[in-house]
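Structure first, then comments.
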Amino acid sequence: MIDLINVEKPARYTGGEFNEIVKDHDKMQSSYAFCFPDIYEVGMSHLGMRILYHVINRRKTTVCERVFAPWTDMEQLMRANKVPLFSLETKKPLKEFDIVGFTLQYEMSYTNVLNMLDLADIPIRRSIRTDEHPIIMAGGPCAANPVTLEDVIDIFLIGEGEEVMNEVLDLYEDGKSAGQSKEDFLKESVKIEGVYVPKYHDFDKKVIKRIIKNLDSVSFPTDSIVPYMNIVHDRASLELFRGCIRGCRFCQAGYIYRPVREKKASTLIEQTKRILADTGYNEIGMVSLSTSDYTDLKTLCDGMLEHTEKRMVNLSVPSMRIDNFSIELMNRIQKVRKSGLTFAPEAGSQRLRDVINKNITEEEILTSAKIAKSGGYDNIKLYFMLGLPTETDEDVIAIAELAGKILDIFGRKSRINITVSTSFFVPKPFTPFQWCPQITVEEMIRRQRLLRSHIKEKKIKYNWHDFNTSVVESAISRGDRQVGQAIIKAWEKGCKFDSWNELFDMEKWEQAFSECSLDIYECASKQIALDEELPWDFIDIGVKKSFLKNEYQKALREETTENCREHCNNCGIAKYRCGVCFEDNKI
Ligand code: SF4
């Protein structure tokens, strides 16, 4: 027993929230523990988890319960009192579930996956586990390169989960009722498209990612769980579309979620009504990779506002592009509570914006700033990346200059607050920059200082990102099986919650890599030859490798590529025969 009075935020561990689903395990054919490898506040904000929790629980035969990584205070008490990791709904130990599934949203949560298994008293290596242990599953964007965790995970789901999850659970439940073993299930499951089982994979075949072709046809959780405590994104979420038409060359999501598939405005308005009735939230986030690219935004906003305004419910847009930013739209949807504006030009100079294919001109950025000024906004956040391929000192200084020009528009005596934030470029699999090196730590420090020295105005605040976590992220994201061993070593040394500055320990990561005969800095900053075989080549994400190569070469020539609504560049994803590729009979 643990007395929750002794932990920092007890509501992280109690469950029992509004809209929680509790089922009788004895009446079910299988049980699924949905694990988010971070704390409750982060995991509960995640739309993918909300969706799959409902997809699985909609099945009459399956129970799905939530599990989050306990914060260190709770972990200490659990270990001291020999309490194994348990689910929120019925407090059932993880070990007693049939399937334990992790969502891999970011590489820096991998050590938490290992720690959660260990806390559940489940061996982390699949080679040691037996039929007595649950099946360990993983999916999510990082599963696009499953190789680093393949000694840990039994079965990966590649791509979008709604349909493939049901197929896998059907197979599991049929096998279980026929008395089949876990191994029988794993052997059989490789026949399902989108499934990768490291132990039984035939490397002559590619694993083909799954997508939902018609988003209007899959149900969406309008009755999501309403937490008792503040979480990171404390609002209901409405997903407008998947994919992104843009093709920024550093952005993994822009490639792995292709093609763009929109929901109809009528579907979304109907879902808005149900969200209002089912949750009582006072804010709905319009969630997508580049929300303002939704084709019928006016009809959608009009329709949503009809229901939200009278209830004083705010609409929020997390991601706006500067080029098609409309202050009128922002003013309309933020009538209830006006927040600041966030833009991500990513690079300060036009040259570098062309290299990364961020198709925005300086003129468009400054015009947007003028419109923002007339709309009465006085808080502007600007996001940039340092260390992008081909970046020069002039490009770095151009960030400060751009922020200065925006300040000029508002006036140095105005109430404007501009925040410039930089992160470091991390090369990601399945992007045109997957072959590119990350800049060295020395360079990171130098470029950060260079930028800081050029931001002199008090009204412009500069926030920067820790460089060491970017190094680890780069080393893991393009990692292979040997890097996977280093991740296990790092966890054995005590690494966990690596995306939390207060717990991140670079020295342990350096040692872990070196004990596996690897140099973490070299892994992060290696340039990969274009003809080299990549660890993730056996995954077919739908976008052709030749397309990515061509995009990389265009980047070096500072050439841009039109977005998918302007012109089809034949990336390969049209074989799924849906979405933007087929709009206006494009193909
Ligand atoms: S096939 Fe053409 S339209 Fe479709 S995602 Fe690729 S580039 Fe865009």
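The values are calculated or read from the model by the stated rules, or taken from the named source; none is laboratory data. Since the model is a prediction, treat every value here as computed from it, not as a measurement. Note that each Cβ is placed from the backbone with ideal geometry, even for glycine, and that neighbours are counted across all protein chains shown. Just the protein is used for accessible areas: all its heavy atoms, side chains included, with ligands, DNA and RNA removed. Shrake-Rupley method; radii C 1.70, N 1.55, O 1.52, S 1.80 Å.
What the table shows:
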read-out	value
Complete set of residues in the range 196-211 that are open to solvent by less than 30 Å² (accessible area, probe 1.4 Å), closer than 16 Å to Gly572 by Cβ and outside any strand (DSSP E or B)	Lys209, Ile211
Check on Ser31, open to solvent by less than 30 Å² (accessible area, probe 1.4 Å), assigned to a loop (DSSP other than H, G, I, E, B) and among the polar types (S, T, N, Q)	no
Total residues in the range 152-183, condition open to solvent by 40 Å² or more (accessible area, probe 1.4 Å) and either among the hydrophobic types (A, V, I, L, M, F, W, C) or in contact with a Gly (Cβ under 6 Å, 6 or more places away or on another chain) (or both)	2
Verdict on Cys564 being closer than 21 Å to Pro141 by Cα, assigned to a loop (DSSP other than H, G, I, E, B), near the ligand (Cβ under 8 Å from one of its atoms) and under 26 Å from the mean Cα position of the chain (by Cα)	no
Filtered residues of the range 497-517 (kept if out of contact with any helix residue (DSSP H, G or I) (no Cβ under 6 Å at 6 or more places or on another chain) and more than 13 Å from Thr469 (Cα to Cα))	Gln511, Ser514, Ser517
All positions within the range 540-561 that are near the ligand (Cβ under 10 Å from one of its atoms) and among the small types (Gly, Ala, Ser)	Gly542
Residue list for the range 441-467, filter: touching a strand residue (DSSP E or B) at 6+ places or on another chain (Cβ under 7 Å) and either basic (Lys, Arg) or assigned to a loop (DSSP other than H, G, I, E, B) (or both)	Arg447, Arg452, Ile455, Lys459, Lys461, His465
Pair list, Cβ under 6 Å, 6 or more apart: the range 245-264 residue among the aliphatic types (A, V, I, L, M), other residue open to solvent by 20 Å² or more (accessible area, probe 1.4 Å) and within 12 Å of the ligand (Cβ to nearest atom)	Ile245/Cys564; Ile245/Arg565; Val260/Gly579
Selection from the range 228-256 of residues that are part of a strand (DSSP E or B) and either of a type in the set (A, V, I, L, M) or farther than 26 Å from Asn570 by Cβ (or both)	Ala236, Ser237, Leu238, Glu239
Among (1) part of a helix (DSSP H, G or I); (2) more than 8 Å from the ligand (Cβ to nearest atom); (3) hydrophobic (A, V, I, L, M, F, W, C), the one test that Ile528 misses	(1)
Residue satisfying condition, being of a type in the set (S, T, N, Q) and surrounded by fewer than 19 Cβ atoms within 10 Å (Cβ to Cβ), within set Ser109, Ser127	Ser127
Test: residue in the range 220-228 that is farther than 22 Å from Cys64 by Cα and open to solvent by 20 Å² or more (accessible area, probe 1.4 Å)	no
In the range 567-584, residue most open to solvent (accessible area, probe 1.4 Å) [restricted to those that are more than 6 Å from the ligand (Cβ to nearest atom) and assigned to a helix (DSSP H, G or I)]	Asp584
Matching residues, the range 486-513, being outside any loop (DSSP other than H, G, I, E, B) and open to solvent by 50 Å² or more (accessible area, probe 1.4 Å)	Lys489, Glu492, Glu507, Lys508, Glu510, Gln511
So Ser237, is it surrounded by fewer than 21 Cβ atoms within 10 Å (Cβ to Cβ) and among the polar types (S, T, N, Q)	no
Positions within the range 257-284 being assigned to a helix (DSSP H, G or I) and surrounded by fewer than 23 Cβ atoms within 10 Å (Cβ to Cβ), in sequence order	Ala265, Ser266, Thr267, Ile269, Glu270, Gln271, Lys273, Arg274, Leu276, Ala277, Asp278, Thr279
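Each row is one residue, and each column tells you yes or no for (1) of a type in the set (Lys, Arg); (2) under 29 Å from Lys554 (Cβ atoms); (3) surrounded by fewer than 19 Cβ atoms within 10 Å (Cβ to Cβ).
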residue: Phe343; (1), (2), (3): no, yes, no
residue: Ile356; (1), (2), (3): no, yes, no
residue: Leu366; (1), (2), (3): no, yes, yes
residue: Lys373; (1), (2), (3): yes, no, yes
residue: Asp378; (1), (2), (3): no, no, yes
residue: Phe384; (1), (2), (3): no, yes, no
residue: Lys405; (1), (2), (3): yes, yes, yes
residue: Asp408; (1), (2), (3): no, no, yes
residue: Gly411; (1), (2), (3): no, no, yes
